[in-house]
Each structure stands twice: as C-alpha cells, then as structure tokens.
Amino acid sequence: MRAEETHLKDCFVITPEVYLDSRGYFMESFNQETFNKALQTNTVFVQDNESKSSRGVLRGLHLQTGVHGQAKLVRVTQGSVLDVCVDLRKDSPTFGEHFSIVLDAIDKKQLFVPRGFAHGFVVLEDQTVFNYKCDNYYNKASESGIIYNDATINIDWNLPEEAFILSDKDLELPTFEKLFK
C-alpha cells in the first residue's frame, strides 16, 4: 500500500498493491495496522457502507458535525466516480479548498477523507458500486453539508449539470457562506 497526501492537509490517496496473474487479481483492500502506520494515524473504522448508482447520480456534499464527525476511506468496486472532498476545518491551512479524483474499479485507488471534511461524488458509469468505511456511526441529527454547485468552492464535476440526478435533500443543502455564517 502506498499513501500519498493530497494538497489538502491529512487527506490521502491510497494505492493498494494489486497482484495480477492468469486467474485474475488479489489485493488486500484494508489492513488496520498498515493503514495507520502509513498515514500516521490511529483511525479505527466502525461502519462500512455501500451504494449502487447510475451515471449522473451526484451524492453530496455531506458531512457529520461535532462529536459525530466521520473520517471515511472510500473506494469503487464497480464502475467509476469523480470523488470530491472539501476541507471545512476552520483551523486548517487548507480550509475551504477541495480535492477531486477519479476512483474506479480498474486502478482500485482509495481516498482517505478526514473528519471535518465534506464529501461527495458524481457517478461516471452506470451500475457503479461505491464503498466506504467510517470511523464513527451515522447520526441523523448531525447531518450537514454544502450544495454541490456552491460558487465559493467552484467544483468542476466533469459532467454537464443537466446530467445530474440529485436527491431533494441534497438540493436543499446550504452554501459554503451560509454554513459558516
């Protein structure tokens, strides 16, 4: 496993060792000890989630606030997404900045999104399966987020806006400015 820090503090792209042969491939998708050593963290994941979506589905930008904040380790096991995270930690040198990466089932890269970040993704292929580990349990009362088309953050989702499929809840998320008023 190789861990490379993105330009966002504490946010890492994880590249697993994939062993290919005539039968297919083998990889260790997660090892707690290796992960924590590579990222110099003590993160312990307690919940795994999975979603399956069609091309154009945009989920996000979501976060859990306060004591219910969540760090996430995300990956795609079928298809591809443009994955985006935004640093919302006011004391961070990268506060308000975002990072995006294409995650797919071919190269098997993962993204570690620390607590205090908003996270979302847009699906680039039909029947995409997205998996994520969380270091804290979901708490509905702590849900928050930022609208996907926020002008301050200015994310290029790499698809035309008319292609997006969003939930009503995601369409009602506040702007960056309103979240930090």
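The values are calculated or read from the model by the stated rules, or taken from the named source; none is laboratory data. Treat the numbers as computed from the prediction; the structure is a model and nothing was measured. Heads up, the Cβs are rebuilt from the backbone with ideal geometry, glycines too, and the neighbour counts pull from every protein chain shown.
Below are the figures for this structure:
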{"read-out": "Unmet requirement for S54, which otherwise passes all of (1) touching a residue at least 40 places away in the same chain (Cβ under 8 Å); (2) closer than 30 Å to E161 by Cβ; (3) within 16 Å of the chain's Cα centre (by Cα)", "value": "(3)"}
{"read-out": "Members of region 139-156 that are closer than 23 Å to L103 by Cα and touching a helix residue (DSSP H, G or I) at 6+ places or on another chain (Cβ under 9 Å)", "value": "G145, I146, I147, Y148, N149, D150, I153"}
{"read-out": "Residue in region 56-69 that is modelled with pLDDT of 95 or more, surrounded by fewer than 14 Cβ atoms within 10 Å (Cβ to Cβ) and under 24 Å from N154 (Cβ atoms) present", "value": "no"}
{"read-out": "Test result for K109, of a type outside the set (A, V, I, L, M), under 24 Å from E28 (Cβ atoms), buried (at least 21 other Cβ atoms within 10 Å of the Cβ) and in contact (Cβ under 8 Å) with a residue 60 or more places away in the chain", "value": "no"}
{"read-out": "Entirely in region 97-161, the strands (runs of 3 or more DSSP E) that have 2 or more residues that are within 13 Å of the chain's Cα centre (by Cα) and of a type in the set (A, V, I, L, M, F, W, C)", "value": "98-104, 110-113, 117-123, 128-134"}
{"read-out": "Candidate set from region 125-167 (those that are among the charged types (D, E, K, R) and in contact (Cβ under 8 Å) with a residue 24 or more places away in the chain); member that is nearest to P114 (Cα to Cα)", "value": "D135"}
